[in-house]
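For reference, the structure discussed in these notes is given below.
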Amino acid sequence: FGELLLRIRGLPAALPTMPLELTVLYNSLLFTVGASDSAIKREAEGIRQGLLRVLEACGACGQDLGTEELWQKVLQEVTVEELQAPLHRLGALQAAWWLAAGRLGSVAGLFQLLSTAEEPGRSHCSEGENKLLSLIKAWRVPPEGPSLPLVQSAKDLKEILCTTAAFLQGLQELEAGNFPTALSLLQEAAGGFCSKKILAQIYTCLGYCAQQMGKPQTALQHLKQALQVDFQCLPALSHAAAVYHKLGKTDVELQALTLLYEALGKNPPAAASSSPYFLMRTELLVHTPVLTSLIRHHHPSEVKYLLAQRCLQDGRVADAVEHYLDFLSLLQEGLQQQVPLDGSSAVPRIPEVFLEAASALEQAGRHQDAITVCEEVISRTTDLIPRVLRVEERLEQPECSSPGAGLASGLLSQKKESLCCLAWRAAGYLHQGWAWAKLGESKEAVTQFSRCLHDLLRLQLHGSGVKPTDNLLAEVEVLQKIRLLSLIGRGTQFLELGRHKEALLDFQHSLQISPGDPAATSYLVQALWKLNRKQEAAAQWQKLSQSSPEEDGQQQGQGRPLPLYLVSCLEQVMFPHSEPLARNIQDYLGTAAQDTS
């Protein structure tokens with residue numbers, strides 16, 4: 001068809017041969033698209049040349065016009081009856097190209113012109129209907145002529161345009177957060193003309209939309225439909241796991257993730273052609289960033305990490321350890337090249353994964369292994385932290401257009417990275433401290449807690465309120481939490497060693513960081529009691545007893561959520577001797593009351 005078209009265009013444009021030329025052009029463009037998926041992404045220059053040839057045959061020209069203006073001129077000025085059908089078919093192809101480019105307004109304008117040419121003055125959109133879909137549906141497909149067969153009928157092309165327009169607009173509304181409208185458009189697309197692959201993708205988008213609307217059961221129904229239509233649509237399984245996570249159904253979520261991991265590990269059978277009879281297909285026309293994000297296939301390593309993380313969060317320590325160790329072994333196979341570590345992946349920064357693994361190992365009683373894993377984090381971050389990290393109370397933010405904006409952004413990013421490295425290294429020492437404490441090695445535990453606190457001396461907050469800029473607040477809050485946990489941890493080990501005065505100082509410093517912290521206050525009471533400062537201990541205990549459980553809960557949960565690798569440390573500082581200490585203090589208070597009377 002391409003060669004035939006070149007030969008025809010070698011002749012002067014003439015009205016009698018123009019219907020044949022436009023039909024050859026139609027078929028040639030369809031074969032071009034069918035032979036190369038990327039052809040639809042390029043400008044359809046062949047269509048423009050065809051329109052110019054039509055004008056030339058009619059004794060007019062339009063070289064200086066844009067494509068939209070050229071279509072307007074041709075459809076309004078060319079009235080030859082024999083040219084109407086081939087021009088309409090070519091218009092449908094132009095619409096496909098514009099849909100692929102996201103030019104929905106241009107498509108609506110073109111179909112408005114096509115419909116006006118057929119029935120001037122008629123409105124094709126009722127109130128409440130989608131304008132673009134109404135215009136495409138109202139377009140009357142021209143009959144096929146007897147001269148030259150079409151490689152894809154205009155009727156089939158119209159159906160594909162309707163499905164594509166509904167799908168694209170549904171994705172636009174989904175991205176904009178207009179979920180009810182998105183749901184309606186995606187349902188329209190699901191009832192359209194498309195391959196099983198595209199239908200599964202539409203159902204996946206419907207599932208995500210329903211989830212965002214707070215309809216988890218409806219979301220699960222759509223995701224199940226996606227898998228029934230195309231069992232290779234694994235993103236639907238990934239979204240289903242996310243829905244189960246939201247519902248708190250951990251068992252089913254883990255089953256879904258396990259199935260996903262196993263499916264990703266298998267070599268999928270070669271996918272058959274999704275629409276073997278059609279050269280122009282919906283999948284060629286829909287490739288938006290939001291769809292790419294929603295149907296992104298996870299790497300098996302990402303799913304393995306999610307399994308480890310969910311098990312740790314749910315207290316399934318043995319399973320968490322197994323999954324984390326499997327994941328860490330994958331690091332030896334070049335995971336950084338396999339998984340995008342740019343925020344689009346479920347996998348956090350690698351040092352955080354190591355620390356989460358150490359936390360799981362600690363909880364499983366494998367303290368020596370936890371120490372080894374933390375040592376890896378400490379050794380890798382040592383050279384990445386400056387001696388002093390200054391964080392200003394308020395960092396001047398230059399305007400984006402100013403010459404210093406890029407430099408300031410770079411400095412802020414560098415400081416943020418340094419704070420992260422400091423947090424990871426300090427957390428490594430913190431975990432080692434607790435691991436040695438569990439092994440009964442209090443002196444070694446004190447050493448590691450002290451190293452953690454010494455590292456944190458590098459952080460210097462400057463400003464009257466010593467409150468960091470919002471850009472760095474999360475990192476500084478984590479560092480302050482690590483300082484608190486390390487002080488309490490070292491204090492507990494000082495108590496074990498009988499060094500009660502040093503323990504008291506650590507608990508007092510803890511309360512300076514987090515006033516009213518119930519764990520620090522409880523240990524402070526114990527230290528005072530052991531130092532025979534019973535009156536002070538009793539006063540502190542009464543003050544703690546008078547605080548409501550709600551206040552204690554707020555104290556524990558204040559600020560942003562803790563990183564997962566610190567949750568076990570927070571649990572370890574909980575005071576374990578409340579009842580015996582309470583009895584001792586109540587006995588003391590009772591005796592004191594008798595003495596007073």
Residue pairs qualifying under the 6 Å Cβ cut-off, at least six apart or on distinct chains, with the first in region 438-454 being in contact (Cβ under 8 Å) with a residue 24 or more places away in the chain and the second being not in a helix (DSSP H, G or I), are S442/L497
From the residues in region 89-118 that are open to solvent by 10 Å² or more (accessible area, probe 1.4 Å), of a type in the set (A, V, I, L, M) and in a helix (DSSP H, G or I), which one is farthest from T288 (Cα to Cα)? A117
Considering only region 183-212, state which residues are open to solvent by 60 Å² or more (accessible area, probe 1.4 Å) and not polar (S, T, N, Q). E188, G191, F193, K196, K197, Y208
For region 42-79, enumerate the residues that are open to solvent by 90 Å² or more (accessible area, probe 1.4 Å) and outside any helix (DSSP H, G or I). R42, E43, C61, Q63, D64, T79
Return a yes/no flag: does region 500-518 have any residue that is modelled with pLDDT under 95 and of a type in the set (D, E). yes
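If I go through region 311-355 residue by residue, how many of them are acidic (D, E) and at pLDDT below 80?
So the answer is 2.
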Looking at the structure I just gave you, is Y305 at pLDDT 90 or above, open to solvent by less than 20 Å² (accessible area, probe 1.4 Å) and within 18 Å of the chain's Cα centre (by Cα)? yes
Out of the residues in region 84-106 that are aliphatic (A, V, I, L, M) and over 20 Å from T116 (Cα atoms), which is farthest from the chain's Cα centre (by Cα)? L99
Looking only at residues that are open to solvent by 30 Å² or more (accessible area, probe 1.4 Å) and of a type outside the set (D, E) in region 151-168, which one is farthest from Y208 (Cα to Cα)? V151
Among the residues of region 488-539, the number that are assigned to a helix (DSSP H, G or I), closer than 18 Å to L581 by Cα and open to solvent by 60 Å² or more (accessible area, probe 1.4 Å) is 5
For L254, state whether it is in a helix (DSSP H, G or I), within 10 Å of A200 (Cβ to Cβ) and open to solvent by less than 60 Å² (accessible area, probe 1.4 Å). no
Tell me, which residue of region 570-586 that is within 25 Å of S486 (Cα to Cα) and touching a Lys or Arg at 6+ places or on another chain (Cβ under 9 Å) is surrounded by the fewest Cβ atoms within 10 Å (Cβ to Cβ)? L570
Only one of these conditions is not met by A346: (1) of a type in the set (G, A, S); (2) open to solvent by 30 Å² or more (accessible area, probe 1.4 Å); (3) over 26 Å from the mean Cα position of the chain (by Cα); (4) within 22 Å of Q309 (Cβ to Cβ). Which number is it? (3)
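The values are calculated or read from the model by the stated rules, or taken from the named source; none is laboratory data. Remember, it's a predicted structure, so these values are computed and weren't measured experimentally. Ideal geometry is used to build each Cβ from the backbone, glycine not excepted, and the neighbour counts take in all protein chains shown. All accessible areas refer to the heavy atoms of the entire protein, side chains included, with ligands and DNA or RNA removed. Shrake-Rupley method; radii C 1.70, N 1.55, O 1.52, S 1.80 Å.
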